[in-house]
Amino acid sequence: YVNIDDCWMANARVDGKLVANATRFPSGIKALAKYCHDKGLKLGIYSSAGTKTCQKLPASLGYEDVDAATWASWDIDYLKYDNCFRDSQSALARYSKMRDALNKTGRPMFYSICNWGQEEVWKWGKDVGNSWRTTGDIEDRFESMRKIYMRNVILGDYGKPGGWNDPDMLEVGNGKMNTIEYRTHFTLWAMAKSPLLIGCDLTKIKKVDLDILKNKAIIALNQDKTGDQARCKMACREQDFRRTARRAQIAVMKTVDGYALAITNWNDRQIIYGTRVVFSELGLDGSSYKAVELWTKQELGVVKDSFIHRALVPHGTAVYRLTKV
């Protein structure tokens, strides 16, 4: 998907309908959709479940049927629906109206609920949309990424195929985290089954950051057909891995052929003594597994019951794919 965010629309509706900003999109959105489709891509668009978008442009509250029909006529494939300038209605009511309007068009569109994790959206989001933001906006800072991940990782029971927890877009490539931190970010978002939305300028991205986004082994975890979101299994509280504890946090997800484990050092100091990964403590069954670390491609061979991951750099994550043998 190529997704257009806020500010694509003109300052006012024309005959009650949203129209594109003629300066930014002189050929219109339908022509842009055709251009994307001809390249094998899909096109996403943006609005808000309020009277204005977050940049104070025309939004869709009260115009759900009209706007959904307009987007369908433009062959849109994806809608990000924001939460600015809302009224007194509940989020469930406002977002359900747009769901119904999209369904009336008969055109399949991925429906991304962006209400910033308010009103326990993870409890009702699956009946309304295809993904739902579980938090406020991410920033290109390690601590912002960490806090959002910690809020999202506890919601694994709610994400399933067809409806996903969304901890916000990726910051990889924006330049304010280092390569190790961006690898951690991409790994944990992939294992969270988050929509992997690139949020940087692809005309300026460094090769090392682009290589992170193109890592097929990590993307495969995100796209694994089990649809299982990783759950934290060890050192899941701040006091478990902060200060003197300096323990690695371990998250586990199921795969079609075994498991994947993310071992993360959230601290500012290296974990030099290694981390013993004990399968029984993580809820894995007693099978033997072929273990491969996906960033270094290091193969441990066949392991059973446990293995040790050696030193882990500050803010780093090792991710192992365990394939049953």
Quickly run through region 124-163 and pick out the residues that are surrounded by 15 or more Cβ atoms within 10 Å (Cβ to Cβ), among the basic types (Lys, Arg) and touching a residue at least 40 places away in the same chain (Cβ under 8 Å). ARG146
State whether one or more residues within region 64-72 are open to solvent by 50 Å² or more (accessible area, probe 1.4 Å), assigned to a loop (DSSP other than H, G, I, E, B) and either at negative phi or without any contact (Cβ under 8 Å) to a residue 60 or more places away in the chain (or both). no
Test each condition in (1) more than 25 Å from VAL172 (Cβ to Cβ); (2) at pLDDT 95 or above; (3) touching a Lys or Arg at 6+ places or on another chain (Cβ under 9 Å) for SER280 and report the one that comes out false. (3)
Just to verify a result, which residue in region 277-309, among those that are of a type in the set (D, E, K, R) and within 29 Å of the chain's Cα centre (by Cα), is surrounded by the fewest Cβ atoms within 10 Å (Cβ to Cβ)? LYS297
Within the group SER47, SER60, which residue is at pLDDT 95 or above, assigned to a loop (DSSP other than H, G, I, E, B) and either over 19 Å from ASP82 (Cβ atoms) or within 28 Å of the chain's Cα centre (by Cα) (or both)? SER60
One residue is enough: does region 191-205 have a residue meeting the conditions at positive phi and either surrounded by 15 or more Cβ atoms within 10 Å (Cβ to Cβ) or of a type outside the set (Phe, Trp, Tyr) (or both)? yes
I'd like to check something: does region 238-248 contain any residue that is open to solvent by less than 20 Å² (accessible area, probe 1.4 Å) and over 22 Å from GLU143 (Cβ atoms)? no
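Condition check ((1) under 22 Å from LYS160 (Cβ atoms); (2) aromatic (Phe, Trp, Tyr); (3) outside any helix (DSSP H, G or I); (4) modelled with pLDDT of 95 or more) across all residues:
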{"residue": "LEU202", "(1), (2), (3), (4)": "no, no, yes, yes"}
{"residue": "ILE212", "(1), (2), (3), (4)": "no, no, no, yes"}
{"residue": "ILE219", "(1), (2), (3), (4)": "yes, no, no, yes"}
{"residue": "CYS232", "(1), (2), (3), (4)": "yes, no, yes, yes"}
{"residue": "GLN239", "(1), (2), (3), (4)": "no, no, no, no"}
{"residue": "ALA245", "(1), (2), (3), (4)": "no, no, yes, no"}
{"residue": "ILE250", "(1), (2), (3), (4)": "no, no, yes, yes"}
{"residue": "LEU261", "(1), (2), (3), (4)": "yes, no, yes, yes"}
Total residues in region 166-190, condition open to solvent by 10 Å² or more (accessible area, probe 1.4 Å) and either of a type in the set (Lys, Arg) or not in a loop (DSSP other than H, G, I, E, B) (or both): 5
Between residues in region 270-293 that are at positive phi and residues that are open to solvent by 90 Å² or more (accessible area, probe 1.4 Å) and of a type outside the set (Gly, Ala, Ser), which pairs lie under 6 Å by C-beta distance while being six or more apart or on different chains? GLY274/ARG310
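The values are calculated or read from the model by the stated rules, or taken from the named source; none is laboratory data. A quick note: this is a predicted structure, and the numbers were derived from the prediction, not measured. Counting neighbours? That spans all protein chains shown, and the Cβs are built from the backbone with ideal geometry, glycine included. Keep in mind that these areas ignore ligands, DNA and RNA; they rest on the heavy atoms of the full protein, side chains included. Shrake-Rupley method; radii C 1.70, N 1.55, O 1.52, S 1.80 Å.
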